[in-house]
1. So which pairs qualify, if the first residue must be in segment 45-65 and free of Cβ contacts under 8 Å to residues at least 24 places away in the same chain, the second must be in a loop (DSSP other than H, G, I, E, B) and open to solvent by 60 Å² or more (accessible area, probe 1.4 Å), the Cβ gap must be under 8 Å, and the two must be at least 6 apart or on different chains?
2. Only one of Ala297, Ala325 is within 16 Å of ligand 2 (Cβ to nearest atom), part of a strand (DSSP E or B), of a type in the set (Gly, Ala, Ser) and in contact (Cβ under 8 Å) with a residue 60 or more places away in the chain. Can you tell me which?
3. Say we look at segment 129-150 and pick out the residues that are within 16 Å of ligand 1 (Cβ to nearest atom) and touching a helix residue (DSSP H, G or I) at 6+ places or on another chain (Cβ under 8 Å); which of these is farthest from Leu326 (Cα to Cα)?
4. Being over 21 Å from Gly155 (Cβ atoms) and over 16 Å from the mean Cα position of the chain (by Cα) narrows it down to one of Asn339, Asn284, Asn270, so name that one.
5. Just to check your reading of the model, which residue among Leu32, Leu38 is over 30 Å from Asp308 (Cα atoms), surrounded by fewer than 20 Cβ atoms within 10 Å (Cβ to Cβ) and touching a residue at least 60 places away in the same chain (Cβ under 8 Å)?
6. Considering segment 364-386 alone, what residues qualify as being on the phi < 0 side of the Ramachandran plot, small (Gly, Ala, Ser) and outside any helix (DSSP H, G or I)?
7. Take Val280 and decide whether it is open to solvent by 40 Å² or more (accessible area, probe 1.4 Å) and either closer than 26 Å to Gln112 by Cα or within 14 Å of ligand 1 (Cβ to nearest atom) (or both).
8. Kindly check whether there is at least one residue in segment 253-272 that is farther than 13 Å from Cys227 by Cβ, away from ligand 1 (no atom under 16 Å from the Cβ), in contact (Cβ under 8 Å) with a residue 12 or more places away in the chain and buried (at least 21 other Cβ atoms within 10 Å of the Cβ).
Amino acid sequence: MAILIKNISNLVTCRNETGLPKRGRQQSDVGLIKNGFLIFKKGKILFSGNESGLKRFIKSNKKRIRSEIDATGKTVMPGFIDTHTHFVFAGSRANEYEMRIAGKTYEEIAAQGGGIKSTLKAVRKTSADKLKEISEKRLNNFVKAGTTTIEAKSGYGLDTRNEIKMLEVINRIGCENRFGLDIFPTFLGAHAVPPEFTKKEYIDLICYDMIPKIAQRRLAVFIDVFCEKNYFSPAETDRILSTGVKFGLIPKLHTDQFNSIGGVDIALRNNALTVDHLEVLKLNDIRKLSLSGKTIATLLPGVSYFLDISYPPARKLIENNVPVALATDFNPGSCMTENIQTIMSLASIKMKMSAEEIVNAVTINAAYAVYAHDKIGSLEAGKQADVLIFDFPNYKDIIYNFTSNRLKTAFKKGKLIFLQYSKTINIRNI
Ligand code: NIG
Ligand code: FE
């Protein structure tokens with residue numbers, strides 16, 4: 001039997017009529033229905049629309065409603081999709097955070113053996129079971145903020161055994177997590193060169209050993225590379241991405257974070273689904289992305305905040321018709337938060353994205369960024385019932401009322417995974 005959410009003040013469907021990620025002015029259309037109604041059953045949306053549509057639907061479908069939720073004064077929207085995370089890791093880099101606050105840069109700390117290499121040591125000495133246990137605990141923090149789908153990268157193992165260990169952990173968390181969250185695994189072996197290899201040896205290992213094994217066991221959907229000075233050059237990135245593509249992995253790219261060295265050209269040549277970071281993206285590369293018309297720009301303003309570096313040119317990307325997604329980049333070095341709502345606030349204040357552009361960036365465009373737009377990202381009949389209820393009559397308030405989480409209820413595939421109790425505790429009774 002079905003569940004009906006009725007009298008929804010703002011039903012934000014994020015529906016998508018073009019069958020493509022939303023770009024330019026389309027990114028401002030959230031498919032808003034005032035006084036909306038939503039029905040779902042067995043994890044799938046059956047109906048989303050207004051009252052007259054509901055009457056027609058009930059008449060022709062004779063659905064029995066098991067329970068009704070009154071959403072007067074509430075906003076209902078699709079579950080958020082965090083398309084760029086490194087949430088599987090061990091150890092802490094709180095000491096590096098303090099070094100940065102005292103004046104050192106991320107790159108200086110990395111050059112002194114910190115950064116990715118310090119998490120590498122911690123991950124290598126942690127067993128798969130332990131790594132799963134500590135990483136899985138973090139899911140709670142994603143869910144509390146409304147995230148119902150997560151992309152997760154390897155990249156702290158950096159040899160065949162440990163990269164496979166990380167991907168196995170990501171896949172196990174995907175299958176076994178208690179929330180039923182969808183987790184999309186990405187192979188990021190080319191995150192840094194580990195100390196025991198020369199760069200040439202390590203890239204050979206990635207191309208001849210890791211990629212074939214990972215692809216054969218279907219441990220990853222995507223392949224990603226950190227294209228950056230002192231990490232992987234455009235030519236090296238090209239070799240790794242194109243090998244991944246030959247083995248059926250979908251390319252993504254970390255590029256233009258600290259230096260603009262030509263990563264966008266390589267991403268476009270390999271038909272990358274997304275280019276991520278883009279803190280120092282140049283206008284020329286924006287034009288190339290605009291002409292390509294396919295690749296999504298995934299912006300991570302939490303990194304700019306946490307490392308105190310420049311913000312990606314969101315307005316220029318949108319003006320040039322490049323579809324924009326937003327993600328946390330949750331990781332121990334450059335963005336230590338699982339909270340996508342914080343990222344939405346930064347996108348508003350620091351990148352001047354509108355509330356509508358932001359909402360599409362964490363829902364439908366994010367669904368395209370993990371190639372799951374047929375299942376998630378909008379509240380349309382046939383899609384998964386990944387549904388959030390916020391205690392605001394207007395969706396704009398989610399961003400206006402920054403850092404004050406008013407998520408009331410979250411459903412994943414129709415299953416209740418989060419419920420915020422609104423009753424005030426009577427202090428005298430404690
Ligand atoms: O997305 N830029 C490269 N990788 C991560 C940082 C990883 C780390 O510092 O552990 C990022 O910012
Ligand atoms: Fe990242």
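1. From segment 45-65, the pairs are Phe57/Lys63.
2. On inspection, the qualifying residue turns out to be Ala325.
3. Filtering first and then ranking leaves Leu131.
4. On the way: Asn339 fails: over 16 Å from the mean Cα position of the chain (by Cα); Asn270 fails: over 21 Å from Gly155 (Cβ atoms).
Of Asn339, Asn284, Asn270, the one residue that is over 21 Å from Gly155 (Cβ atoms) and over 16 Å from the mean Cα position of the chain (by Cα) is Asn284.
5. Leu32
6. Of all residues in segment 364-386, those on the phi < 0 side of the Ramachandran plot come to 364-370, 372-376, 378-381, 383-386.
Filter once more, keeping what is small (Gly, Ala, Ser): 366-367, 369, 372, 378, 381, 385.
Within segment 364-386, Ala372, Ser378, Ala381, Ala385 qualify.
7. yes
8. no
The values are calculated or read from the model by the stated rules, or taken from the named source; none is laboratory data. Predicted model only: the values in this text are computed from it and were never measured. When we count neighbours, we look across all protein chains shown, and the Cβ atoms used for this are built from the backbone with ideal geometry, even at glycine. Accessible surface is based on the protein model in full, side chains and every heavy atom, while ligands, DNA and RNA are left aside. Shrake-Rupley method; radii C 1.70, N 1.55, O 1.52, S 1.80 Å.
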